[in-house]
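Q: Before I ask anything, let me first share the structure, which is written out below as structure tokens.
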Amino acid sequence: MAQMTMIQAITDAMRVELERDENVLVFGEDVGHVGGVFRATEGLQKQFGEERVFDTPLAESGIGGLAIGLGITGYRPVAEIQFIGFIFEVMDSICAQASRMRYRSGGRYNAPIVFRTPFGAGVHAPELHSDSLEGLLMQTPGLKVVVPSNPYDAKGLLLSAIRDNDPVFFLEHLKLYRSFRGEVPEGDYTVPLGKANVVREGKDVTIVTYGAMVHTSLAAADELAKEGIEAEVIDLRTLVPMDMETVLESIKKTNRAIVVQEAQRSAGAGAEIVARIMEQGILHLEAPVLRITSPDTVLGFGEIEKEWLPDASRVIKGVKEVINF
């Protein structure tokens, strides 16, 4: 089995699907000859030609409109938005058009579009390049939101996303692009949307998380184990749909939970996860569910970024707080 970085796994997924389905098209700013700002599409134009892998003007709103037009006429567009902060220019296409297409047309049209974009902090990128805006996207009915944490999942989830008949927003964490390698099968396989993964089993507390915070939480769990505290870590993989069945099964066993997210504290994925746990699993809890998040401020730049982001020490502190409640 090949060892790949997450960016290589993402490229491989697009290559597999371009080969399998002639209706798949890949486009965005500089994705053709250049291969994209992070080289996620490197080599694809040379292999599949300029009619299937092509550059667009520097206009995110145009990318969104093009994706919708192609999607409702039988194509499967994979549109790259260079950085998460640039999605404000294409939010009308995503939230007011593509996500409503099937409902608005009474089922006559689908919008099988994948919007890919890097997000997340930890690499000292400038403003609007590192935000975590998944909470905004989760509030859009009709839109699925996917956040892989490793190369295997990235390829399998992206293949599922491209084959889905509804629009999917695929969030790729900047820090994970090339930070490690993992085993990735060659050829075709899928990871289903809406199915979480228990990445570490434990009996004392459940840590629910996603994206880069999976690795922060696993590091915290390793340290906690040295003190005899066994944390179960759940990687949600997709925020919409959210696999609450796996979360609740874990809480029935541990009776305690914390939620770890990189995004700001208020009204985001973490708040939604906590609310669902309280609605569906409160009788299994022996302590309040705690959130570990970034503060409700604009992302801290440069060296402040490290202080701004949740780290393993904050997760460990949170776990001990719910354990000792």
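The values are calculated or read from the model by the stated rules, or taken from the named source; none is laboratory data. All of these numbers come straight from a predicted model, not from anything done at the bench. In this analysis, Cβ positions are derived from the backbone assuming ideal geometry, glycine residues included, and neighbour counts consider all displayed protein chains. All accessible areas refer to the heavy atoms of the entire protein, side chains included, with ligands and DNA or RNA removed. Shrake-Rupley method; radii C 1.70, N 1.55, O 1.52, S 1.80 Å.
Q: Filter the stretch 293-318 for residues that are assigned to a loop (DSSP other than H, G, I, E, B), open to solvent by less than 50 Å² (accessible area, probe 1.4 Å) and not aliphatic (A, V, I, L, M) and give the result.
A: Those that are assigned to a loop (DSSP other than H, G, I, E, B), open to solvent by less than 50 Å² (accessible area, probe 1.4 Å) and not aliphatic (A, V, I, L, M): Gly300, Gly302, Pro310.
For (1) surrounded by fewer than 21 Cβ atoms within 10 Å (Cβ to Cβ); (2) touching an Asp or Glu at 6+ places or on another chain (Cβ under 7 Å); (3) of a type in the set (A, V, I, L, M, F, W, C); (4) without any contact (Cβ under 8 Å) to a residue 24 or more places away in the chain, each residue gets a yes or a no:
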| site | (1), (2), (3), (4) |
| --- | --- |
| Asp12 | no, no, no, no |
| Glu17 | no, no, no, no |
| Asn23 | yes, no, no, no |
| Asp55 | yes, yes, no, no |
| Glu60 | no, yes, no, no |
| Thr73 | yes, no, no, yes |
| Phe86 | yes, yes, yes, no |
| Arg100 | yes, no, no, no |
| Arg104 | yes, no, no, yes |
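Q: Can I ask one more? Within the stretch 48-100, take every residue that is aliphatic (A, V, I, L, M) and not in a helix (DSSP H, G or I) and give me the one that is nearest to Val24 (Cα to Cα).
A: Among those residues, the one meeting the criterion is Val78.
Q: Given Gln264, Gln280, which one is polar (S, T, N, Q) and closer than 22 Å to Glu201 by Cβ? Steps first, answer last, please.
A: Details: Gln264 fails: closer than 22 Å to Glu201 by Cβ.
One residue alone meets the criteria, Gln280.
Q: Looking at the stretch 111-151, which of its residues are open to solvent by 40 Å² or more (accessible area, probe 1.4 Å) and either in contact (Cβ under 8 Å) with a residue 60 or more places away in the chain or part of a strand (DSSP E or B) (or both)?
A: The initial filter retains those residues of the stretch 111-151 that are open to solvent by 40 Å² or more (accessible area, probe 1.4 Å), namely 123-124, 126-128, 136, 139, 141-142, 144.
Scanning the stretch 111-151 gives His124, Pro126, Glu127, Lys144.
Q: Going by the conditions given, is Glu201 in contact with a strand residue (DSSP E or B) (Cβ under 6 Å, 6 or more places away or on another chain) and of a type in the set (D, E, K, R)?
A: Numbers: in contact with a strand residue (DSSP E or B) (Cβ under 6 Å, 6 or more places away or on another chain): yes; of a type in the set (D, E, K, R): yes.
In short, yes.
Q: So for the stretch 25-46 (the condition being part of a strand (DSSP E or B) and farther than 26 Å from Gly182 by Cβ), does at least one residue qualify? Let's see the steps before the verdict.
A: Here is the first cut: in the stretch 25-46, the ones part of a strand (DSSP E or B) are 25-28.
So of that shortlist, the ones also farther than 26 Å from Gly182 by Cβ come out as 25, 27.
Yes: one or more hits.
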